[in-house]
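Structure first, commentary second.
Please treat every number below as a calculation from the coordinates, not as lab data. Please read these numbers as outputs of a predicted model, since none were measured by experiment. Every residue, glycine among them, receives a Cβ derived from its backbone with ideal geometry; neighbour counts consider all protein chains shown.
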Amino acid sequence: MTSQTFRTAIGRSSPPPPDIASPGSLTRSGGALSGAEPISAQDTPFGQRRWLVGLLVLTGALYLWDLSASGWANSFYAAAAQAGSESWKAFFFGSSDAANAITVDKTPLSIWPMALSIRIFGLSSWSLLVPQALMGVASVALLHATVRRATGSAGAGLLAGLMLALTPVAVLMFRFDNPDALLVLLLIGSAYATLRGVEATESPGLGHPVRWLALGGALVGLAFLTKMLQAFLVLPPLALVYLLFAALPLWKRLGHLLVAFGAMVLAGGWWIAIVELWPASSRPYIGGSQTNSILELTLGYNGFGRLTGDETGSVGGGGGWGSTGVFRMFNSEIGSQIAWLLPAALILGVAALAIGRSSLTRGVRAALVLWLGWLLVTALTFSFMAGIFHAYYTVALAPAIAASAAIGALVLWRRRASLVSSAVLGFTLALTTAVAFSLLDRSDWQPWLKYVVATVGFATALMIVGVRHLPHRVARMVAATAVIAALAAPAAYSVATAATPHTGSIPTAGPSTSGGNAGPGGMGGMAGGVGSLLNGSTSTAQITALLQTDAASYTWAAAAVGSNAASGYQLASQEPVMAIGGFNGSDPSPTLAQFQEYVANGEIHYFLASGDGLGAGVGGGLGGTQTGGASDSTDIATWVADNFTATTVDGVTVYDLSGGIA
């Protein structure tokens, strides 16, 4: 984007008005922008659409660029999408294989778009990942629309969208097949609907507010079907904003929130109810649970266990996921994913509320409270949760950071004649520059960049403090430079993220430091290896041909311990491969007796094991909480090794189960 675009994003440089316009009062002859300089082409509706289209095109290019380099990305979800493209039953339940042995350890909504894409276009990396990239573009567009409507400023909307698009962890997850891409899109939608509901209480012509509240609740319910209880982190700020800012009697506000709650329960609960009532004998085992219960999975492994660390079946156990505390979002693992603009969002958002509290419109105040509430609740939860936590979860913070920073910057910029406002803007830019320097200094990637960012950022911060004394054209140039300085470092990391292939279950954003990915994101499967708990197996032509031979005569072409160990072979052969024990290899499915029955009935052709004859999931696990399910997986692997003849195919130990016990 040109410097003129950045100047537009900050806003007009004429003497700041006393208020921020509501969406209907933004004019050039009156209202908030009264007395501003003549309209330029970029300020017309056509010009604003042009910049929005440009932002979305650039976002799409960043998210689609060399997308296939990541292969199957997270093969755990890729295998489930492939299975769903082959079997509608597997599609509905989110099964790991088309024969429906076990499900993934999440509700399945995020798998459905990928499965439909594969069903239409065939199995490929592109058909798997393009839906995720398009969700990223849609998220940027929807955040832009939300901020623009709340502030009446197209520039603020563009700035918020640009900040989201250039957040490194957002670039990572919108190019990956984890559930987080759809989660973010749905939660932004819930924020948009809630703010529209608040707006409709003042302007009845905009629709009945309860309909907008119901839509917001339904979107949160769908987010629950995407990533379970994490979706509910936005509920406190959504409810608070409507209670505080809806121009209705209290009893009506409470009634509308009850309707929204009902819509959420319906949108998220129908699938839970069906699965819970479905006879267990005719559906796949619920992966991630120890009792074959979706309610246990929801409230335990994927629920309160994430907060307390008490996660039965977890590979890490309590306390195995890094240090907790208020500065967790800035530590060496997580900081470069999300922390670049986090202090700026908090400072600008809070300062905007404090400085403009008496003059801001209801819509602007509602938006600031919503996004700051989202940011605080989610960040504090992530900072102190004792259970399973990965750096990429922080993508849920990206919309709130972008919106809070953009709205706060707009409010203060329009009050820059005040020394307090200009001082806060200058201090925030200086702090953002210091954060960027610190994060860049943690690696040896492009060491010159941190000095350029520091020089430009600190110099511009000083000019921002005195911007009220500058001619308007110079002030606009300073504003453009400030945006460039603030976004240069995360933008560089975002481009590096897009240029780096990412595979495995724990990807991280940022530049490659070892020829693959930075940190855990570089853990890919070895050639001809059975993979591990966190990395998919990689098949060879010989193994794939073996699995495809006479596959129609069997329910499962093969079985392997752990979903990732099974996934690579399934994706290569496009035949069902049973994932014994689910993701962690610790789910009690199947039991030894059930597995023996499958073998006796001729339903499983091969068992694929690691070099030591044991299943990769158990033998190569992370050493967390051991459960009955882990014992079942070990018992199965041991029974196979004791009773069947092993052969080695391209370095993989293979047992043919079709010939009976040796």
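Overview of results
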item: DSSP-defined antiparallel bridges as percent of all bridges, the chain, nearest 5; result: 55
item: Of the chymotrypsin sites (Phe, Trp or Tyr not before Pro) in segment 53-108, those whose Cβ has at most 14 other Cβ within 10 Å and which sit in DSSP loop; result: W65
item: In segment 318-413, trypsin sites (Lys or Arg not before Pro) in a DSSP loop with at most 15 other beta-carbon atoms within 10 Å; result: R357
item: Nearest-0.05 FRET efficiency for L206 and A434, computed from C-beta distance (R0 35 Å); result: 0.25
item: Sequence-distant aspartates and glutamates (8 or more away, or on other chains) whose Cα lies within less than 15 Å of K450; result: D441
item: Residues A280 and V57, FRET efficiency given R0 of 60 Å [Cβ-Cβ distance, rounded to 0.05]; result: 0.80
item: Dimensionless Rg ratio for segment 160-241, taking C-alpha atoms and the 2.2 N^0.38 Å reference; result: 1.20
item: Extension gain (nm, one decimal) between V495 and S631, 0.36 nm per residue minus Cα-Cα; result: 44.5 nm
item: Spin-label pair W126/W88, simplified geometry with 7 Å Cα→Cβ offset, distance in nm; result: 2.9
item: Dipole-positive endmost among F224, W212, P113 within segment 87-227 (Cβ charges, Cα centre); result: W212
item: Amide proton proximity set for V649, modelled H, under 5 Å, gap of 5+; result: V654
item: FRET efficiency for S68 and A459, using Cβ-Cβ distance with R0 set to 51 Å, rounded to 0.05; result: 0.75
